[in-house]
Amino acid sequence: MSDTDAKIRKMMANMPTAFKPEKAVGVDAVIQYNLTGEGGSTWTSKIADGVCTVEEGEAENPTMTITMDANDYVEMMAGRLDGMQAFMTGKIKVTGDIMLASRLMTFF
């Protein structure tokens with residue numbers, strides 16, 4: 001297991017406890033994370049009824065899909081890479097509900 005992979009697994013495991021349900025009132029979404037490159041993996045996060053769950057693997061019909069390099073994801077979650085800047089420079093590709101993407105970081 002690479003260092004990046006270990007960091008991503010820890011971040012994904014912590015996502016449900018970092019979730020702020022009051023920030024996601026009325027949200028019912030399935031988000032797929034396609035993390036590429038060294039340490040890359042695919043994860044699915046479900047947000048509904050004030051609960052966030054995360055599991056490894058692909059979603060059947062995601063509301064939104066985020067594709068980015070695994071190392072960039074680690075840097076963004078650590079606050080060293082600005083998500084909006086990464087999106088504008090093509091480091092993050094989003095398909096599906098783009099408005100959800102703009103709100104996603106406020107949920108955690």
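The values are calculated or read from the model by the stated rules, or taken from the named source; none is laboratory data. Remember, predicted model here, so these are calculated numbers, not experimental data. Cβ: placed from backbone, ideal geometry, glycine included. Neighbour counts: every protein chain shown.
Of all residues in the range 50-95, exactly one satisfies the criterion of being closer than 27 Å to Glu22 by Cβ, at pLDDT 95 or above, small (Gly, Ala, Ser) and buried (at least 17 other Cβ atoms within 10 Å of the Cβ), namely Ala59.
Restricting to the range 87-102, and then to whatever is small (Gly, Ala, Ser) and either more than 21 Å from Val27 (Cα to Cα) or part of a strand (DSSP E or B) (or both), can you tell me which residue is nearest to the chain's Cα centre (by Cα)? Please lay out each step first, then the result.
Residues of the range 87-102 that are small (Gly, Ala, Ser), as a first pass: 90, 96, 101-102.
Narrowing further to those that are either more than 21 Å from Val27 (Cα to Cα) or part of a strand (DSSP E or B) (or both): 90, 96.
Values: Gly90: 16, Gly96: 14 Å.
The selected residue is Gly96.
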